[in-house]
Amino acid sequence: MEELTIVIGGEQGEGIESVGEILTKVLSQKGFNLYGFRNFSSRIKGGHSDFNLRVSSGREIYVNAERANLLIAFDQATIDLYKDQMAANSIILYDSKSVNPNNFADLPEDALIIEAPFQQLALECGNSIMKNMVAIGMICGLNQHSPMEFKDVIKDRFSKKGIKIVEMNIEAFEKGHDFVKEKGLYSIPLVPVTDSRKMFLSGNEAMVIGAVAAGCRFMAGYPITPASEILENLIKIMPEYGGIVVQAEDELCSVAMAIGASFAGTRAMTATSGPGVSLMQEAVGLSGAVEIPLVIIDTQRGGPSSGLATKMEQSDLTAMLGGTHGEIPRIIISPSTIQEAMYDMGTAFNLAEQYQCPVFIAADLVLATSKQSTEILDTRKFEMDRGKRVTDEDLLLQEAKVFDRFAFTEDYISPRTIPGQKYGTHHATGIEHGETGHPTEDPINRKKMMIKRMEKINSVTIGEDIKVEGVAEDILIIGFGSTYGAIKEACEQFQASGIKAGLAHLRLLHPFPAKQLERLVSMARQVIVVENNYSGQLANVIKQHVQDHAKIQKLTKFDGTLFKPSDILTFSKELV
Amino acid sequence: MATLKDYRMDIKPNWCPGCGDFSVLAAIQKVAVNLNIEAEDMAFISGIGCSGRISGYVNAYTMHTMHGRALATAQGVKLANPDLHVICAGGDGDGFGIGLNHFAHAARRNVDLTYIVMDNQIYGLTKGQMSPTSPQGMETKSSPGGNPEQPINPLQMALASGSSFIAQAFSGDVKQLMSLIEQGMQHKGFAFINVFSPCVTFNKVLTYEYFKKNLVNLDEKEGYDPSNRAMAFNMVEETGSMFTGLLYKQERKTLTESLPKGSGTNMLTRDTFILDDIMKEKLISRYV
Ligand SMILES: Cc1ncc(C[n+]2csc(CCOP(=O)(O)OP(=O)(O)O)c2C)c(N)n1
Ligand code: SF4
Ligand SMILES: [Mg+2]
């Protein structure tokens, strides 16, 4: 066996998250490649939540599997949600204290269904809360891992709470382990291909690391799902690097604070989602007009309004592309893996300073909150390019009373001074202005300034503006963000059945890499644009840039659930 | 040595002759010279309105931001570079209407900057609508039958929000105005100065004459103790806000001083940076 999917579900507060953390820590250390996603289901009473972990012995994975091999149910909702998603010969463990086996009618016939006394065994160790440790013990035993590594991680985790707590949790773990051993239960073991050191982290965490490594030293934010984690993590670690993080009173303040800090020369950012993006639009316009670098992370979630706050959507694309009144330059980068999320922060801060404009990181809920195994951070990928900064020496030579901060230049990018630099003083205003920054309504200047601002970004590239995989002669699948994993596996399944399928994942959404995409589209017989929104926002943008509209088919999903590879296969079959 | 010439711009303000904002502009420039602050070390951030244009008439690192967001921006500037002298300015609509939220939070956050509001009790730039400080009953373009709403009291608002320096001045008394701005700039923390700065074009009620007749000078009032908060609240009540002078002053930690250790010590405003191996290990240790 090359891979395995484990799902554990229960009510929120039953320690599902800890199971995920302990399990992934051990498996990651062993060298497995992992993908974990925590699902919050607000539809079901009692606040059900589950953790879906896909474990691969070899290749990297970017999406959950469609079927589970091992299901651990603390509540009925876990059974109801997953009964149609079990793999062949799966194992289902349930706690009869909270799950009624009379409702098991439509479970797969080949599944091994076992009543497991999680709560009972935990109580025997002193507290029913430890049933999650019992579950970990069972998973360890079933998959024939050595208990040692699990025990070490458990010890580590509880050591702060004292030896007694550590011992109780270890005992609970052992009870779970013994239970499956005594019953002679096991699944085919997975053996990792390599034992190379890896990181296992969420997109939010990756963007935090990326920001610090990129030299960002100021962040202001306002709590919002699913971006809050970025604020919380940065507040913890930024002081160690000499930076400042502020929880502002609202998004109007957080984005304005970031602009202020950036005006002063610091690399500054904010992170938000949906409603916060709406509130920030005026400031995005200011950043564009006064040519002050700004980085905004948008972890898109279900909209409009309060929408589906804990669910996946990619429906802010038009807001990021066109939000704010008037017209400004902007750059939109879209990471599709956790690794890209980390390194894109370096790219974003460099581009913001080079091009002196707002840069959006178009993330989404799944990318922000799912966790993936990723190579260890390579700091060499974070070389800071501070753009056209003027040196103190050059300013001394010029001795200008007011610096031409918005000077017209060949590449439309003006040299920049920052407060404290002698002979660098200037005015920055959102009112149309001349080269010193002071207001003017002169039509000739206005036209020149607009063209300068709008066209300076034409040369932007992030290297791989479109991630291309496979030869898309028959089918080209286009997407952006975290749908990459599902699209990639759909392509592989197409290829396995002899169809020449390939993917083109957009990494730079603005300025749009039109030429490259046009070529890819022209070479494919069928083009499917996959995205999590109602109107097909990406497909519509593509149609603005690509000639052959008839070829482009929209596959959208806006019910809060995630794309599976099979959704794409089914859709394509229906098309033919 | 900083001179007035350094701070002057060759731009004629587009204010109406007689507008109170001229005095505020002159006062800020003179105080900066008195305190010997070099122009490149001053960041002057303003909001939107007639008053908001003020930053464009000063030669320094200046920024004319968004309606209501000047204080938010100014806090970001100061946090990023504590060596700068940061002044923030705007109108009553800017600060107490659309930007009131930031006013209250900047006051309690106590970032070290000076906030000057040119309070003309009217929306000047948009040509004469009522503002949050227009008196009840005042006729304006948007209250033709008289303002039906009770005005906000910026001084009590500042007191309640924890502002560590609160003063009120009048454009008709430049000497006191300068003195209060100077004290505000020397104060470590959030310093708020509300300036009665008459709009000669749209406010025919709260005029220079009106203020001259009605204002009491707190600075000359015997027995008044600006470190006493209860006394300050009372004074605002007693005078119906018709006073000038230092209302309240308190020494307390600024935000930067209250942040976790290390905060703000390496803001990289000018340097480049690359993570060394030790810092890298520290950064990634919780994710391996
Ligand atoms: C978001 C937004 N809404 C409205 C305006 C229009 N506007 C510009 S200035 C102003 C009010 C100005 O009044 P105040 O702040 O008291 O300044 P004054 O002109 O009196 O100095 C308004 C409503 C704007 N610029 N931005
Ligand atoms: S309209 Fe009023 S506030 Fe505006 S410049 Fe004229 S006098 Fe001053
Ligand atoms: Mg006003």
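The values are calculated or read from the model by the stated rules, or taken from the named source; none is laboratory data. This structure is a prediction, so every number in the text was calculated from the model and none was measured. Please note: Cβ atoms are built from the backbone with ideal geometry, for glycine as well, and neighbour counts cover all protein chains shown. These accessible areas exclude ligands, DNA and RNA; they are computed on the full protein's heavy atoms, side chains included. Shrake-Rupley method; radii C 1.70, N 1.55, O 1.52, S 1.80 Å.
Which residues, if any, in the stretch A:172-200 have at least 50 Å² less accessible area in the whole protein complex than in the isolated chain, probe 1.4 Å?
A:Arg197
Order these peptides, B:244-250, B:231-237, A:83-89, by their mean beta-carbon neighbour count within 10 angstrom, highest first.
B:244-250, B:231-237, A:83-89
Let me know the charge dipole size of the stretch A:80-222 about its Cα centre in debye, to the nearest 20, where only the beta-carbon of Lys, Arg (+1) and Asp, Glu (-1) is charged.
With only Lys, Arg, Asp and Glu charged at Cβ, the dipole is about 760 debye.
Could you calculate, for the protein assembly as shown, the ratio of the Cα radius of gyration to the Kirkwood radius, expressed as Rg to Rh?
In the protein assembly as shown, Rg relative to Rh is 1.04.
What's the Kirkwood radius of the stretch A:438-481 in Å, using all Cα pairs?
Computed over the stretch A:438-481, the radius equals 14.5 Å.
Let me spell out the model: positive unit charges on the Cβ of Lys and Arg, negative unit charges on the Cβ of Asp and Glu, origin at the Cα centre of chain B. What dipole size does that give, in debye rounded to 20?
400
For the stretch B:93-170, what is the accessible area per residue in Å², given a 1.4 Å probe and the full set of protein chains?
33
State, in square angstrom and to the nearest 100, the accessible area buried between chains A and B, both chains counted, probe radius 1.4 Å.
That pair hides around 5600 Å² of surface in total.
Taking only protein heavy atoms into account and a 1.4 Å probe, give the accessible area per residue of chain A in Å².
37
Using Cα springs under 10 Å in a Gaussian network model of chain B, which residue among B:Met118, B:Met185, B:Met267 shows the largest mean-square fluctuation?
Most flexible of the set in this elastic network: B:Met267.
Could you work out [θ]222 nm for chain B from helices alone, using -39500 (n - 2.57) per DSSP H run of at least four and dividing by all its residues? Round to the nearest 500 deg cm²/dmol.
After summing the helix terms and dividing by residue count, I get -9000 deg cm²/dmol.
Please name whichever of A:Phe218, A:Ala363, A:Ile292 sits farthest to the positive end of the charge dipole of the stretch A:200-381, dipole taken about the Cα centre and charges placed at Cβ: Lys and Arg +1, Asp and Glu -1.
Selected residue: A:Phe218.
Just to be sure I understand the model, the point goes 7 Å from the Cα along the line to the Cβ. What's the resulting B:Gln186 to B:Gln150 distance in nm?
Rounded to a tenth, the inter-label distance reads 3.8 nm.
Would you mind checking the pairs A:Lys311/B:Lys280; A:Lys452/A:Lys515; A:Lys151/B:Lys280; A:Lys175/A:Lys311; A:Lys448/B:Lys141; A:Lys160/B:Lys261 and listing those with alpha carbons more than 26 angstrom apart?
A:Lys311/B:Lys280; A:Lys151/B:Lys280; A:Lys175/A:Lys311; A:Lys448/B:Lys141
Given a Förster radius of 30 Å and the C-beta distance between A:Ile376 and A:Lys236 as r, what FRET efficiency does 1/(1 + (r/R0)^6) yield to the nearest 0.05?
Once rounded, the FRET efficiency stands at 0.90.
For the pair B:Ile11/B:Thr256, report the inter-label distance in nm, with labels modelled 7 Å from Cα in the Cβ direction.
Computed distance between label sites B:Ile11 and B:Thr256 equals 2.7 nm.
May I ask you to give the percent of accessible area on the protein assembly as shown that is carbon plus sulfur, with a probe radius of 1.4 Å?
Carbon with sulfur: 51 percent of the solvent-accessible area.
Could you tell me which of B:Ala70, B:Ser227, B:Ser285 has its Cα farthest along the dipole of chain B towards the positive end, charges placed at Cβ (Lys, Arg +1; Asp, Glu -1), taken about the Cα centre?
B:Ser285
Rounded to the nearest 10 degrees, what's the angle between the helix A:514-523 long axis and the longest principal axis of chain A, both from Cα atoms, 0 to 90?
Helix A:514-523 and the main axis of chain A meet at about 50 degrees.
Where in the stretch B:99-128 does the amide nitrogen come within less than 19 Å of the point 7 Å from the Cα of B:Lys204, taken along Cα to Cβ?
Counting only backbone N, you get B:120-128.
Per 5 Å bin, what is the whole-percent P(r) computed from every C-alpha pair distance within the stretch B:4-256?
Spelled out per bin, shortest first, that is 1, 7, 15, 19, 22, 18, 11, 6, 2, 0.
Tell me, what is the percent relative contact order of the stretch A:354-491, built from C-alpha pairs under 8 Å that lie six or more residues apart?
This gives 21 percent for the stretch A:354-491.
For the protein assembly as shown, give the magnitude of the charge dipole about the Cα centre (Cβ charges: +1 Lys/Arg, -1 Asp/Glu; no others), in debye to the nearest 20.
700
Over every pair of different alpha-carbon atoms in the stretch A:200-381, take the mean of 1/r and invert it; report that Kirkwood radius in Å.
Result for the stretch A:200-381, one decimal place: 15.6 Å.
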